[in-house]
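The structure appears right after this line, and notes come after that.
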Amino acid sequence: MPVSPIAFFFDFSSPYSYLASTRIEALAAKHDRNLEWVPILLGPVFAMTGAKPLTDQPLKGDYARIDIPRSARFLGVPYAHPEPFPVATYQAARALVGLQRDRPELAAPWAHACFAAYFTQGRNIAEVPVLHELARDLGLDAARIDAWCADPQIKAQLKANGDRALQSGVCGAPFFIVDEEPFWGVDRLPQLDAWLTARF
């Protein structure tokens, strides 16, 4: 009987999503699960929950500015808080959806490239020239990025991802769903690992 994949809901502007992206592939492989990268935009989630970007929240924002780089050090991954923050990520997300449709072998590399560019290299992935550079680094024609960003089907799929997220109870990012079990946050990855090992 086929097993369901781990669905990984994320926004490219989410630092905790970046941290999760450095670990989730290995976790999925450990449990012989496919990984489904599901790019979303957090704006509709914030509208539904009444939240706003973490660093804009009183007290929580101050804590996040300490916790995010500390969590990166704990995981042993590079991190440099980007400015400006957050940024619009719909074009990076549309490009990923386009790759998932047309060049699926490059989808995960694109996701990693976008996260690294923004959270380790200080490159603003809201800017199309930056996305063009990332595309060329992967051997892609930069014009493909423009085409995907303008494609009505791609736009519709990204919106569908967001609708699916809300219908599935996604209340933030990163968010993982496997076998209908939800897990929110990079700090839940050990729990997700344990749950897949021995249901509890």
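Only the coordinates and a few stated rules stand behind these numbers; no lab work does. Everything quoted here is computed from the prediction, not taken from an experiment. Because the Cβ atoms are built from the backbone with ideal geometry, glycine has one as well, and the counts that use them run over all protein chains shown.
Among all the aspartates and glutamates, which ones have a C-alpha under 17 Å from residue 155's C-alpha, if same-chain residues fewer than 8 places away are not counted?
The qualifying aspartates and glutamates are 11, 102, 146, 163.
I need the GluC sites (Glu not before Pro) found in the stretch 116-200, filtered to DSSP loop residues with at most 12 other beta carbons within 10 Å of theirs. Walk me through the numbers before you get to the answer.
Values: sites: 127, 133, 180; in loops: 127, 180.
Hits after loop and neighbour filter: 180.
How are the alpha carbon pair distances in the stretch 100-142 distributed across 10 Å bins from zero to the largest one, expressed in percent?
Using 10 Å bins, I get a P(r) of 30, 58, 12 for the stretch 100-142.
Which ordering of 110, 195 is given by a fewest-first count of other beta-carbon atoms within 10 Å?
195, 110
List the lysines whose Cα sits under 29 Å from the Cα of residue 60, skipping any in the same chain fewer than 8 residues away.
52, 159
Please check which bits of the stretch 155-185 a label hung off residue 49 would reach, taking the label as a point 7 Å along Cα-to-C-beta and the cut-off as backbone N under 12 Å.
Answer for the stretch 155-185: 166, 169-176, 183-185.
How would you order 25-34, 164-173, 85-94 from highest to lowest mean count of nearby Cβ atoms within 10 Å?
Result, highest mean first: 85-94, 164-173, 25-34.
Where the convex hull is taken over the Cα atoms of the stretch 114-176, what is its projected area averaged over directions, in nm²?
Hull-based average projected area comes out at 5.3 nm².
For a quick check: with amide H placed at 1.01 Å from N, whose amide H comes under 5 Å from residue 10's, ignoring anything fewer than 5 positions away on the same chain?
Residues meeting the criterion, in which the H sits 1.01 Å from N, are 38, 40.
Could you quote the convex hull projected area for the stretch 52-99, Cα atoms only and averaged over all directions, in nm²? Display every interim value, and only then the final one.
On the way: hull surface 18.1 nm².
The directionally averaged projection comes out at 4.5 nm².
Hey, with R₀ at 35 Å, roughly what FRET efficiency would residue 127 and residue 168 work out to, going by the Cβ-Cβ distance, to 0.05?
0.65
For the stretch 3-106, what is the largest minus smallest coordinate of the Cα atoms on each principal axis, given in angstrom and ordered from greatest to least?
41, 30, 24
Per DSSP H run of n ≥ 4, the term is -39500 (n - 2.57); total these for the chain, divide by its residue number, and report the mean residue ellipticity at 222 nm rounded to 500 deg cm²/dmol.
The helix contribution divided over the chain gives -16500 deg cm²/dmol.
Suppose every K and R has +1 on its Cβ and every D and E has -1 on its Cβ; what is the size of the dipole of the stretch 45-200 about the Cα centre, in Debye to the nearest 20?
140
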